[in-house]
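Every number here is computed from the coordinates shown, using simple stated rules; none is lab data. Keep in mind that this is a model prediction, so the values were computed, not measured. All Cβ positions, even for glycine, are placed from backbone atoms using ideal geometry, and neighbour counts span all protein chains on display.
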């Protein structure tokens, strides 16, 4: 099955019915500013920070709601997961920080016909 990305055993992609539309990656250079009373702040490098990722997309109906429930169960396990992209590149281990959903056009039974979601991940480095 073709995939965009896999987080542990959870697969993002058209084949799984849960693709992401946007990936945002943030890398910190580790710079901080130290305030100095009599002059401008001094720059100091404290070491590279952890990378963060935000995956976001749209899903439909109960199937999309079920996929978000799977991600929530993974978050509830409170463990890091291996992240592998569609070409087989291993991105390392990542923890789930936040899962956000916005339901639109909700039907009488509580099923949404349009679900916008985002998943915030942070690099896990405890080696």
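Kindly list the residues of region 51-83 that lie in the label zone of residue 104, defined by a backbone N under 14 Å from the point 7 Å along the Cα-to-C-beta vector.
57-61
With labels modelled as points extended 7 Å from the Cα through the Cβ direction, what inter-label distance (nm, one decimal) is found for residue 22 paired with residue 125?
Each label point lies 7 Å from its Cα, and together they span 2.7 nm.
With springs only between Cα atoms under 10 Å apart, run a GNM on the chain and tell me which of 28, 102, 38 wobbles the most.
Among 28, 102, 38, the largest GNM mean-square fluctuation belongs to 38.
Would you mind ranking 95, 22, 72 by Cβ crowding within 10 Å, fewest neighbours first?
Fewest-to-most Cβ neighbours within 10 Å comes out as 22, 72, 95.
Principal axes first, then extents: for the Cα atoms of the chain, list largest minus smallest coordinate on each axis, whole Å, largest first.
64, 34, 25 Å, listed from the longest principal axis down.
Mind giving me the nanometre distance, one decimal, between the label points for residue 111 and residue 48, set 7 Å out from Cα along Cα→Cβ?
4.6 nm
Starting with the fewest neighbours, write out 99, 36 ranked by other beta-carbon atoms found within 10 Å of each beta-carbon.
36, 99
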